[in-house]
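The block underneath contains the structure these notes are about, expressed in structure tokens.
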Amino acid sequence: MSAGMLASINDDLEVVVLAQAVLYGTPLLFAALGELLAERSGVLNLGVEGMMLFGAAVGYWATLRVHGSDASVLVLAVGAAGLAGAAMAAIHAFLTVTLRASQIVSGLALTIFAGGLGLSAYFGNELHLADHPASHEFGSIDVFGLKDVAVLGPVLFNQSALVYASWVLTLAVGLYLARTRWGLNVRAVGEAPASADAMGINVTLYRYVHVLLGGALAGVGGACYSLLITPGWVAGDTLVNGAGWIAIALVIFAFWRAELCLVGAYLFGGLSALPFALQAHGVTVTPELLQSLPYAMTVVVLVLVSTAFAKRRLGAPAALGRPYAREER
Amino acid sequence: MVGITKSFPGVLANDDVSFEAAAGEVHALLGENGAGKTTLSNILTGLYRPDEGQIELYGELVNFHSPRDALDAGICMVHQHFRLVEPFTVAENVVLGDHRGEGRRFFVHPPSVERRVAELGRSYRLAVRPGARIWQLSVGEQQRIEILKALYREARILIMDEPTAVLTPQEADDLFGTLRAMADEGKTVIFISHKLHEVKAVADRVTVLRGGRTVGTVNAGDATLRSLAALMVGREIQESRRVERPRSTSDLRLLEVDGLVIEGDRGGPAVKDVSLAIREGEIVGVAGVAGNGQRELTEAICGLRDAVEGQIRVGGRRLASGDVRDAIRAGVAFVPEDRLGTGLVPSLSVTSNVALKSYRRSPFSRGPLLALGRMREAALQLIRRYDVQTPGPETPVRNLSGGNLQKLVLGREFESDPLVLVVAQPTRGLDVGAIETVHAYLREAATKGMAILLVSEDLDEIRALADRILVMYEGELVGELEGATADVEEIGYLMAGGHREPESPQERSGMT
């Protein structure tokens, strides 16, 4: 075997790993962008994991229920997953915005309620989702005709529609927050709700809308697992497996900016894909250790950004986690 | 505004208030803290909804459901605490919430907004940097941005709430010039203040509020500082409330404060070189508009706040700065302004609150254990002696009414047999009966020999109780008067910083 051939095999392997990084990063990206919108309006939602699990279950159920072409079924399924996530987020919005309950407690409760031992498990078991093999799943599309470009082609341009959609979404969220009137209002609501209120901005409305949008995107992120990465449904929380928590850490890691969410998502996606790469290279590491890497990384990130220096001007919305009451004196 | 009434839980902030302001005038709303000025303006800007009454604008009845309605009607307010978004640029703050001009565009275009803001600043001679971020600006600059926001929206009515509180005298003069220019253009400026000379300097007409009611409207040109002070603090003098006590003859100075300097919460000195002494059995009242250093002074004496300079002696013994336990040991008792939050623990029982300051010692503790039976007995005794209305000694104190809370705090502090009693706003929010009771307790405490420092914004109260009255203004003691003979107008005049402005002899003779 010549040295050249060996190199090309390794190249292929690395390309596969990079493509996997993008794939595994996609649900994280959807969920993180959703959490970003909610947090920018001043509402912390720790229920991402639960909303993702519920979105995954509902999205998968929709593919079993609806009949039609692959494309139409999948679009409907993603829409259903989004609605499911938004419905869960509505609980959080009502508790924290209208009733001004603690955002942390409400979010944790939501994860437990909607999660792998709660609503999504009940929903999946009642409808016997695990018994049905996947009938529709996202395949890769070569939309740009760039599939065969070296390295970049297979990594970026031989992906599924969900991946492309996440790019469009990143751009849209970034532009929305930075450049539009509504985005300006959202940021004002998250930074200084009393000021926003005095300027005639409806704080309650903005918070509801963005918490719901955040839930919808978390639902779509969940559907990435059941329709794309590991098509199908399994009981418990192994399907999403903590991605919701990583997404929350990701928002902090990205300094509350959409474009950095994308970078972070692929970084964490890469950590998820790393075990396969190492195995292929013949390096044997305990799989449990490798699989825990993204979570260990999450802890490291949280520690780093919690230092006094980082806290000063990281970009955290000033009113994050604080309910707003107008006539409070 | 006609017949505006607004109440908050436990407080009637506005009681049938009416006033009118004309286009092209600077109209001042004058009143002490708590007179209802800010509540009134929050109603006018749609932030609060009135319980009763109506607002007419240019002859038309209006009904504001939210700040946006008021903004659309051309009413803008510059709040005491600015309503700015700190991480945003000046330009972003100006267009925020705007749905008519530049801000109407879906995509905000920063350069064109910044250009518009710069133009506006030039035409009113307000120096601004449109691209700067709010947190980089000084307080005076931030206020200019607030005014610019109103100009940008083409406001017809601009409300300024205590605008000079945060400004240097030079900045204040510039502000007055801007306000005058706006009025000359036909806009209405409503200027809220409790500082007499400012009101006199900038306003065309003055509406005076007291205790949530309108006292009257006068032309600023016809009014004198003294006549305004009289309106503000109240002319009806209730002599009947003063009950004479034999004047203390002791020479024993129980509390001595010498050259005290205390830093305020926002940096800068809140108390500047204050010295005072209170003798055994004497009540000394400190009068002043809230926020002139009284709170810092009481907190320093009780050890809740560090003194930067100067010293405090209680019974001849020097207190360690900022050490509450040392102050308690030396014999300082404190009846704080916030009686439920600072004076008591709301969710603990009456019994626990009674023992709160003395549980460490016998008879309330035996070794590491608390003597619950004795604590309960002491609580029952205190409830009887001070007539505290409570279902029982185990009731959490948050369920008690304001008057009973105050009796409980006073009782606990008296029972500790202090040398010095510091009392802040002891009757705020209490009904007449409870006020009489609290006053009787304070007189009794003085008769027993305590030295009492009474801080109050209620001049009637100070005049009813104090042997001597000290007036505090901007962290300094600016006057001392005899309690029995003090003139309310004189006190009000000093409280509002009147001593700073030399008055002409005609004006003095012009007072009623």
Can you sort B:GLU141, B:GLU280 so the residue with the fewest Cβ neighbours within 10 Å comes first? B:GLU141, B:GLU280
Can you list the HN-Hα couplings for region A:244-251, worked out from phi with the Karplus curve (6.51, -1.76, 1.60; θ = phi - 60°), rounded to whole Hz and with x for Gly and Pro? x, 5, 4, 4, 5, 5, 4, 4
May I have the pair-distance distribution P(r) for region B:364-506, computed from all Cα-Cα distances with 10 Å bins from 0 and rounded to whole percent? 10, 33, 29, 16, 9, 3, 1, 0
To the nearest Å, what is the center-to-center distance of region B:402-443 and region A:258-302, using C-alpha atoms only? 65 Å
To the nearest Å, what is the center-to-center distance of region A:226-243 and region B:48-86, using C-alpha atoms only? 52 Å
Amide H to amide H under 5 Å from A:THR180: which residues, 5+ apart in sequence or cross-chain, H placed 1.01 Å off N in plane? B:VAL108
Over the protein assembly as shown, what is the percentage of antiparallel beta bridges among all DSSP beta bridges, to the nearest 5? 55 percent
Calculate I(q)/I(0) for region B:348-416 by the Debye formula, one identical point scatterer on each C-alpha and no solvent, and give its log10 at q = 0.14 Å⁻¹ to two decimals. -0.36
On Cα atoms only, tilt of B:139-152 relative to the major axis of chain B in degrees: 40 degrees
Karplus 3J(HN,Hα) series, Hz, for region A:165-174 with 6.51 cos²θ - 1.76 cosθ + 1.60 (x for Gly, Pro): 4, 5, 5, 4, 5, 4, 4, 5, 5, x
With an 8 Å Cα cut-off and a minimum separation of 6 or more residues, compute the relative contact order for region B:116-223 in percent. 19 percent
Here the Cα Rg-to-2.2 N^0.38 Å ratio for chain B is 1.09
Give me, ordered by chain and number, the residues 5 or more places off B:LEU255 or on other chains with an amide H under 5 Å from its own placed amide H. B:ILE278, B:GLY315
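Quick one: net charge around B:LEU408, please, counting Lys, Arg +1 and Asp, Glu -1 for every other residue with C-beta under 15 Å from its C-beta.
On the way: positive: B:ARG339, B:LYS357, B:ARG376, B:ARG384, B:ARG385, B:ARG398, B:LYS407, B:ARG412; negative: B:ASP338, B:ASP387, B:GLU394, B:GLU413, B:GLU415.
That works out to +3.
Sort A:MET88, B:MET375, A:MET297, B:MET450 by Cβ crowding within 10 Å, fewest neighbours at the top.
Numbers: A:MET88 32, B:MET375 21, A:MET297 17, B:MET450 25.
Ordered from fewest to most neighbouring Cβ atoms within 10 Å, A:MET88, B:MET375, A:MET297, B:MET450 come out as A:MET297, B:MET375, B:MET450, A:MET88.
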Counting helices only, and only those DSSP H runs with n ≥ 4, report the 222 nm mean residue ellipticity of the protein assembly as shown as the sum of -39,500 (n - 2.57) divided by its residues, in deg cm²/dmol to the nearest 500. -14000 deg cm²/dmol
To the nearest whole percent, what portion of all C-alpha pairs in region A:3-312 is separated by more than 36 angstrom? 17 percent
So how tilted is helix B:169-184 from the main axis of chain B? Cα-based, degrees 0 to 90, rounded to 10. 50 degrees
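Give me the dipole magnitude in Debye, nearest 20, for region A:3-312 about the Cα centre, with unit charges on the beta carbon: positive for Lys and Arg, negative for Asp and Glu.
Details: 11 positive and 17 negative charges, 226 e Å.
Roughly 1080 debye for region A:3-312.
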Could you list which residues have their amide H under 5 Å from that of B:VAL308, counting only those 5 or more apart in sequence or on another chain, with H placed in the peptide plane? B:VAL261, B:ILE262, B:GLU263
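Give me the orientation-averaged projected area of the Cα convex hull of region A:155-279, in nm², one decimal.
Numbers: hull surface 37.5 nm².
Projected over every direction and averaged, the Cα hull of region A:155-279 covers 9.4 nm².
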Report ³J(HN,Hα) in whole Hz for each residue of region B:434-446, in order, from the Karplus equation J = 6.51 cos²θ - 1.76 cosθ + 1.60 where θ = phi - 60°; Gly and Pro get x. 5, 4, 4, 4, 4, 4, 4, 4, 5, 4, 4, 4, 5
Hey, could you grab the Kirkwood Rh for region B:265-305? Inverse mean 1/r over distinct alpha carbon pairs, Å, one decimal. 11.7 Å
So what's the protein assembly as shown giving for Rg/Rh, alpha carbon basis, Kirkwood Rh from the mean inverse pair distance? 1.07
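Restricting to chain B, compute how many DSSP beta bridges are antiparallel as a %, nearest 5.
Counting DSSP beta bridges with both partners in chain B, the antiparallel share is about 50 percent.
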State the volume of the convex hull built on the alpha-carbon positions of region B:257-356, expressed per residue in Å³ and rounded to an integer. 119 Å³
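Would you mind ranking A:ARG40, B:ARG115, B:ARG226 so that the residue whose beta carbon has the fewest other beta carbons within 10 Å leads the list? All intermediate terms of the calculation are to be shown ahead of the outcome.
Values: A:ARG40 28, B:ARG115 14, B:ARG226 20.
Exposure proxy ranking, most exposed first: B:ARG115, B:ARG226, A:ARG40.
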If I model a spin label as a point 7 Å beyond the Cα along the Cα-Cβ vector, how far apart are those points for B:GLN311 and B:ARG245 in nm? 2.9 nm
Can you give the Rg to Rh ratio of region A:27-95, both from alpha-carbon atoms, with Rh computed by the Kirkwood formula? 1.04
Run down the lysines and flag those whose C-alpha is under 20 Å from the C-alpha of B:LYS200, throwing out any fewer than 8 positions away in its chain. B:LYS37, B:LYS187
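Here, each number is a calculation from the coordinates, and none is a lab measurement. Everything numeric here is computed off the predicted structure, so don't read it as measured data. Counting neighbours? That spans all protein chains shown, and the Cβs are built from the backbone with ideal geometry, glycine included.
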